[in-house]
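Student: Below you will find the structure I want to go over with you.
The values are calculated or read from the model by the stated rules, or taken from the named source; none is laboratory data. The structure displayed is predicted, hence computed values, not measured ones. We place every Cβ from the backbone using ideal geometry, glycine too, and count neighbours over all the protein chains shown. We work out accessible area using only protein heavy atoms, side chains counted, and drop any ligands, DNA or RNA first. Shrake-Rupley method; radii C 1.70, N 1.55, O 1.52, S 1.80 Å.
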Amino acid sequence: ETGVTQTPRHLVMGMTNKKSLKCEQHLGHNAMYWYKQSAKKPLELMFVYNFKEQTENNSVPSRFSPECPNSSHLFLHLHTLQPEDSALYLCASSQPSGANVLTFGAGSRLTVL
Amino acid sequence: DQQVKQNSPSLSVQEGRISILNCDYTNSMFDYFLWYKKYPAEGPTFLISISSIKDKNEDGRFTVFLNKSAKHLSLHIVPSQPGDSAVYFCAARPTGTASKLTFGTGTRLQVTL
């Protein structure tokens with residue numbers, strides 16, 4: 001596989017559930033990102049990892065917990081979410097510096113009931 | 001406060017004509033600007049970029065213009081094709097922060113036959 005792959009593509013969960021989103025990139029990039037896209041809002045940066053280290057947390061509530069075990073994999077662990085957290089969650093990767101062209105995955109559409 | 005604004009949520013253009021998508025920004029520290037295109041059920045894909053040291057960058061049918069004094073950039077697509085129908089996002093990056101891209105809300109382009 002090439003590019004950035006996200007699973008699952010769709011997820012429905014209750015407010016008390018625990019679930020995880022997974023992202024995998026096969027581009028040899030060393031930076032990975034989580035973005036959130038809500039209806040009629042800009043893409044919002046959530047987290048940035050460079051060489052497996054978290055370098056950016058954009059004031060994200062603790063019910064979202066990222067994990068980056070290596071430069072190719074990124075997870076977003078979800079716990080006790082609210083209905084307003086329903087959104088499209090996009091993973092991206094890039095080289096950590098330079099022109100910073102992000103390559104995005106197709107996204108995971110999350111619905112919180 | 002939105003630092004990158006795309007004030008037109010949608011645009012309809014006839015095939016063969018020029019499509020002009022606009023983007024305004026407020027942060028004077030932005031020095032690199034990108035356009036991404038997004039089809040339904042896919043992640044955004046990089047289209048074209050421009051550095052603040054230039055005022056124009058061209059790639060085939062796509063040209064991006066940057067007016068720094070007006071804090072305005074535009075994407076021109078000539079000639080427009082039905083396959084160009086997608087949502088176009090403008091994004092900008094501040095000086096010295098390669099990882100922090102700020103996105104606009106997007107403009108949906110519909111190219112009609």
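Student: In whole percent, and with a 1.4 Å probe on the protein chains, what portion of the accessible area of the range A:26-113 is carbon and sulfur?
Tutor: Heavy-atom surface of the range A:26-113 belonging to carbon and sulfur, 1.4 Å probe: 50 percent.
Student: Could I ask something else about it? Taking Rh as the Kirkwood radius, which is the inverse of the mean 1/r over Cα pairs, what is the Rg/Rh value for the protein assembly as shown?
Tutor: 0.97
Student: Per-residue Cβ counts within 10 Å, from other chains only, averaged over A:32-43: what number is that?
Tutor: 4
Student: Here's something else I'd like to know. Alpha carbon centre of the range A:68-83 versus the range A:1-60: separation in Å?
Tutor: 7 Å
Student: What ranking, highest mean first, results for peptides A:102-108, A:60-66, B:19-25 when packing means the other Cβ atoms within 10 Å averaged over each residue?
Tutor: A:102-108, B:19-25, A:60-66
Student: Per residue, how much accessible surface does chain A expose to a 1.4 Å probe? Answer in Å², no decimals.
Tutor: Value returned for chain A: 47 Å² of accessible area per residue.
Student: On average, how much area does the Cα convex hull of chain B cover when viewed from any direction, in nm²?
Tutor: Values: hull surface 27.7 nm².
Reported value for the Cα convex hull: 6.9 nm².
Student: Which number comes out as Rg/Rh for the range A:12-113 once both Rg and the Kirkwood Rh are worked out on C-alpha atoms? Mind dumping the intermediate values first?
Tutor: Details: Rg = 13.2 Å, Rh = 13.8 Å.
With Rg and the Kirkwood Rh in hand, the quotient comes to 0.96.
Student: Using a 10 Å cut-off around each Cβ of peptide A:48-59, what is the average number of partner chain Cβ atoms that fall inside?
Tutor: 1
Student: Related question: Assuming R0 = 35 Å, can you tell me the calculated FRET efficiency for the pair A:Thr111 and B:Gln2, based on Cβ-Cβ distance, to the nearest 0.05?
Tutor: Details: r = 26 Å, r/R0 = 0.73.
Taking R0 as 35 Å, the efficiency between A:Thr111 and B:Gln2 is 0.85.
Student: To continue, here is another question. Straight-line reach from B:Lys54: which lysines have a Cα under 20 Å away, not including same-chain ones fewer than 8 places off?
Tutor: Filter leaves B:Lys68, B:Lys71.
Student: How many partner chain Cβ atoms sit within 10 Å of a residue's Cβ in peptide A:8-18, on average, as a whole number?
Tutor: Going residue by residue through A:8-18 and averaging, the value is 0.
Student: Same structure again: How big is the A/B interface in buried accessible area, both sides summed, 1.4 Å probe, to the nearest 100 Å²?
Tutor: Values: alone 6050 and 6200 Å², together 10670 Å².
Roughly 1600 Å² of accessible surface disappears when A and B pair.
Student: Once amide H atoms are built 1.01 Å from N in the peptide plane, which residues 5 or more positions from A:Glu56, or in another chain, come under 5 Å H to H?
Tutor: A:Val48
Student: So, one more: For A:Lys22, give me every one of the lysines with a C-alpha distance below 29 angstrom, ignoring sequence neighbours fewer than eight places off in its own chain.
Tutor: A:Lys36, A:Lys40, A:Lys41, A:Lys52, B:Lys37, B:Lys38, B:Lys100
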